[in-house]
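The values are calculated or read from the model by the stated rules, or taken from the named source; none is laboratory data. Here the structure is a predicted model, which is why all the values come from computation and not from measurement. When we count neighbours, we look across all protein chains shown, and the Cβ atoms used for this are built from the backbone with ideal geometry, even at glycine.
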There are 4 protein chains.
Amino acid sequence: MVVDNPQQPANLIPELCRSFYQDGSLEPVVEFVFVMGLAISLSATSQTYFSSDKVYIAPSGVQKERIKPTHIFVLPYPQAAPSPHTDRVFLRRPATNLKESACTPLFWNSFELRNAGSCIHTHSQHAVMTTLLWTGPVFKISHQMIKGVRVGGTGPALSYLDTLELPIIENTPNEEDLKDSMAEAMIKYPNAAGVLVRRHGVYVWGNDWEKAKTQTECLDYLFEIAVKMKLAGLPTLLNSE
Amino acid sequence: MVVDNPQQPANLIPELCRSFYQDGSLEPVVEFVFVMGLAISLSATSQTYFSSDKVYIAPSGVQKERIKPTHIFVLPYPQAAPSPHTDRVFLRRPATNLKESACTPLFWNSFELRNAGSCIHTHSQHAVMTTLLWTGPVFKISHQMIKGVRVGGTGPALSYLDTLELPIIENTPNEEDLKDSMAEAMIKYPNAAGVLVRRHGVYVWGNDWEKAKTQTECLDYLFEIAVKMKLAGLPTLLNSE
Amino acid sequence: MVVDNPQQPANLIPELCRSFYQDGSLEPVVEFVFVMGLAISLSATSQTYFSSDKVYIAPSGVQKERIKPTHIFVLPYPQAAPSPHTDRVFLRRPATNLKESACTPLFWNSFELRNAGSCIHTHSQHAVMTTLLWTGPVFKISHQMIKGVRVGGTGPALSYLDTLELPIIENTPNEEDLKDSMAEAMIKYPNAAGVLVRRHGVYVWGNDWEKAKTQTECLDYLFEIAVKMKLAGLPTLLNSE
Amino acid sequence: MVVDNPQQPANLIPELCRSFYQDGSLEPVVEFVFVMGLAISLSATSQTYFSSDKVYIAPSGVQKERIKPTHIFVLPYPQAAPSPHTDRVFLRRPATNLKESACTPLFWNSFELRNAGSCIHTHSQHAVMTTLLWTGPVFKISHQMIKGVRVGGTGPALSYLDTLELPIIENTPNEEDLKDSMAEAMIKYPNAAGVLVRRHGVYVWGNDWEKAKTQTECLDYLFEIAVKMKLAGLPTLLNSE
């Protein structure tokens, strides 16, 4: 299953984790996770050639820059969201005693509610600071470079004149327990391209891994500049709504 | 056309995009673009050997660290500024369904109004913060390391005793619609080495790709320190003008 | 003794120092040091195969990104904490006139008091700023991503609902003189996963090098966000204690 | 003259410039320069094997990450400080029309007044911000990690209980015109390991390239934390002097 093709998810996930780690911008220190699967269309620059019946998940609690292709979990799809652990069905598990990402049930939200092909979770300090400085249930920003973000994460691109809105949910001690409140927030904010978790981080998804990654980077850029603006006393919302 | 020479623009643009991405300092997250062409003199350390009749343009909406030489567009020069899309003439387009950078008409401003050989557009947060903290139509700074910037972008170097001035234009939803206001600003400020776009980023040009890149880095350095100074309550302009 | 295995401590320490240096996040500018040894279990992803009778120590006062395997000191274990210098027993010393890290006696605290398998010392500016903004004898934070940190550094993971506490000891001109006050603080705060040194840095340990490294990164993440929160006027402690 | 030995100055300078550029911490955007020569003892980890009769100087106005060994200038030593340009004697000049660093006469100060073996000039924003926030003729800091800095740059290491002092001189339009005021400051502050130039950067030297580089990094660390402390309202000087 782990072949030589660098675009194969089991090869790609370690490369992307390493790249994010070296970059440092997304602060992948604790449990940065990356999931891909479903119809992984490799965007405009490539062919769609991975079938939509597998989900590839990174392991939990390991050094993200040292993940190897053989550490990746593969789950069948569709299946009911795999929660709790004992219910999960695997097509392939690492030989070593690793556990799959604790976010697994949350990734399923993006597959089921948005038909996403890839989902990313980060503990970016820009995301966390955003949830501390925006104390309500939603973060809004307008008149910034929001056009790299898509409506609902998988729809058409936002325009410069739109307002970007992301719900903020409250954290829980166990990541899996966020599943229901995240789903609720996604239903209440159907145009949101991600969900912020207070004092914790953010979930972002897209049609394929390239769009999920690009939107993660765009949103992180927006969190960063929003925090800078707030601390400098500048308004982040010009629209009247 | 894509040969083994690393200095060939189709090879150089991907390398530079990757380098800027890894560096992180220019925040190339959304649509960082890079254009080169015309008389590409490879500065003092090399020979001028590319003809002045081609413009090489990076694709739009792709991951900047993963651009390949075969993704680069080549347009003939001179031709009227290619706007709208349907009017554009290409010598070569990527086989995949990529689009050339939406900034293409804006790059033409630098060729036509300044005789530039290369133009760079970034969404640097330092540039954006500068446009938020300087609310008027122009950014000025003096008594900093401005001597790496050239008068008008293609003239002699500024002196430590000069004042650097860059016009700030208002953003529009479609990047192409900035063409006229950018041209106006360039005519009104003939000594400006770049144009800031409020809440969006900056355009910088130079006689060749090396000078465009160096000036982009110098200006970004100045935006960064100007923002730090402003937030620390320090004046950024000592000259009396 | 220096074999080709990249997991061999004498090979691993230079790689990790180089990686921290390039990353920049831990500011390894002056005397960043890294020690490993004892029962080095290479975590879940690997076998435990290094014996517990050797301690590997990086040299002092050299460029951390240029350490070579042959620069690593090897000391027998157990032995009484090697202080002062003249008392130290070595299994192997570099041929050149290097000195072992001045932190050597302090690393011994983590072995003897916590049964740690690896200990890391950094001069991270986030750690130093934390000791400047928290002027008392202890740093506390809650309701952040603290679950990457273990009770006492070698016990079970903290929960999101726990409060992380680290003692802060006062600096001394000679690093070795910190040994006793560090030991006192470790005894007084048995649940602390590290010890901050005012105006100097932090010591962090773990069961093996991977856990020591992960906890160093987690704690540095927490110092960084704690400083941001403090400067933004946000409370870092929500628990009532 | 340019041989395969990576420790040969003509090979080492490009590597170090590239490393500083990629690191980003020293902001080498405008004219970062690096000089070495004299008795280049390669520190404890190596042999002294370069003769003391040559000075190697990087070119001016080029992209620092793209310097090649053949771009390095070689000057004989001793000779009177080479100023103005027409007086300079070279053992070797690049074939292309490059110019040697404009700092050349300033580097000579470190050779003649401190017997340094290497000198580094950076435009670090931390250094520049330090000169803006310390408006007098001297920067002082105590009770930080100053022990990586040596008395006068080439003497014994400072102790934690000492106060670090660096003179700040006023900038001039032409870098060469700083020669006399820099020399004056070095004579007035014989214990200073470097000279800050207001609104411009810093000069740092050492017995050999490794010590010059380490001290440049230490001082940059101190400038960075000093600026953070000042902006947070924390005193940077605890000693009574």
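Within this structure, D:SER142 passes the test of being farther than 23 Å from B:GLN144 by Cβ, within 14 Å of chain C (Cβ to nearest Cβ) and touching a residue at least 12 places away in the same chain (Cβ under 8 Å). Before we move on, is D:PRO190 assigned to a loop (DSSP other than H, G, I, E, B), more than 14 Å from chain B (Cβ to nearest Cβ) and not β-branched (Val, Ile, Thr)? Judged against the criteria, D:PRO190 is a match. Going by what's in this entry, would B:ASN174 be described as more than 19 Å from D:HIS200 (Cα to Cα), surrounded by 17 or more Cβ atoms within 10 Å (Cβ to Cβ) and polar (S, T, N, Q)? For B:ASN174, the condition - more than 19 Å from D:HIS200 (Cα to Cα), surrounded by 17 or more Cβ atoms within 10 Å (Cβ to Cβ) and polar (S, T, N, Q) - is not met. Figure legend. Inter-residue proximity from segment C:214-231: first residues more than 8 Å from chain A (Cβ to nearest Cβ) and of a type in the set (Gly, Ala, Ser), second residues assigned to a helix (DSSP H, G or I) and buried (at least 23 other Cβ atoms within 10 Å of the Cβ), beta-carbon distance below 7 Å, spacing 6+ or different chains. Indicated pairs: C:ALA226/C:THR130.
Would you check which residues across segment D:58-97 are among the β-branched types (Val, Ile, Thr), modelled with pLDDT of 80 or more and either more than 20 Å from B:GLU210 (Cβ to Cβ) or part of a strand (DSSP E or B) (or both) and list them? Of everything in segment D:58-97, those that are among the β-branched types (Val, Ile, Thr), modelled with pLDDT of 80 or more and either more than 20 Å from B:GLU210 (Cβ to Cβ) or part of a strand (DSSP E or B) (or both) turn out to be D:VAL74, D:VAL89. Any chance you could count how many residues in segment D:185-213 are under 19 Å from D:THR135 (Cβ atoms) and in contact (Cβ under 8 Å) with a residue 60 or more places away in the chain? The number of residues fulfilling the criteria is 7.
Between C:LEU234, C:LEU196, the distinction of being facing chain A (nearest Cβ under 9 Å) and modelled with pLDDT of 95 or more belongs to C:LEU234 only. Of everything in segment B:148-175 that is among the aliphatic types (A, V, I, L, M) and assigned to a strand (DSSP E or B), the residue that is farthest from the other protein chains (Cβ to nearest Cβ) is B:LEU166. When C:GLN144 is tested against (1) out of contact with any Phe, Trp or Tyr (no Cβ under 9 Å at 6 or more places or on another chain); (2) part of a loop (DSSP other than H, G, I, E, B), just one condition goes unmet, and that condition is (1). Which residue, of A:LEU222, A:LEU231, is over 17 Å from A:VAL151 (Cα atoms) and of a type in the set (A, V, I, L, M)? Sole residue among the options that is over 17 Å from A:VAL151 (Cα atoms) and of a type in the set (A, V, I, L, M): A:LEU231. Within segment B:117-136, restricting attention to residues that are out of contact with any Asp or Glu (no Cβ under 9 Å at 6 or more places or on another chain) and assigned to a loop (DSSP other than H, G, I, E, B), the residue that is nearest to the other protein chains (Cβ to nearest Cβ) is B:THR135. Can you find a residue in segment A:176-183 that is within 14 Å of chain C (Cβ to nearest Cβ), at pLDDT 90 or above and at negative phi? Scanning segment A:176-183 turns up at least one residue that is within 14 Å of chain C (Cβ to nearest Cβ), at pLDDT 90 or above and at negative phi.
Go through A:THR122, A:THR131, A:THR135 for me and flag whichever is free of Cβ contacts under 8 Å to residues at least 12 places away in the same chain and closer than 30 Å to A:LYS228 by Cβ. One residue alone meets the criteria, A:THR135. Screening D:SER52 with (1) touching a Leu at 6+ places or on another chain (Cβ under 8 Å); (2) at pLDDT 70 or above; (3) not hydrophobic (A, V, I, L, M, F, W, C) gives one miss only, at (2). Contact map, segment D:162-176: residues that are touching a residue at least 24 places away in the same chain (Cβ under 8 Å) and under 23 Å from D:ASN191 (Cα atoms) paired with residues that are crowded, with 21+ Cβ neighbours inside 10 Å and polar (S, T, N, Q), Cβ distance under 7 Å, separation 6+ or inter-chain. Pairs shown: D:ILE168/D:THR131.
Among the residues examined, A:SER110 does not qualify as within 19 Å of the chain's Cα centre (by Cα) and at pLDDT below 80.
For every residue, the table says whether it meets (1) surrounded by fewer than 23 Cβ atoms within 10 Å (Cβ to Cβ); (2) in a helix (DSSP H, G or I).
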| site | (1), (2) |
| --- | --- |
| D:SER181 | yes, yes |
| D:ARG199 | yes, no |
| D:VAL202 | no, no |
| D:ALA212 | no, yes |
| D:CYS218 | no, yes |
| D:LEU222 | no, yes |
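Going by the conditions given, is D:LEU178 of a type outside the set (D, E, K, R) and under 26 Å from C:THR131 (Cβ atoms)? Criteria not met by D:LEU178.
Residue selection: D:ALA102 satisfies the criterion of being within 12 Å of chain B (Cβ to nearest Cβ), touching a helix residue (DSSP H, G or I) at 6+ places or on another chain (Cβ under 6 Å) and in a loop (DSSP other than H, G, I, E, B).
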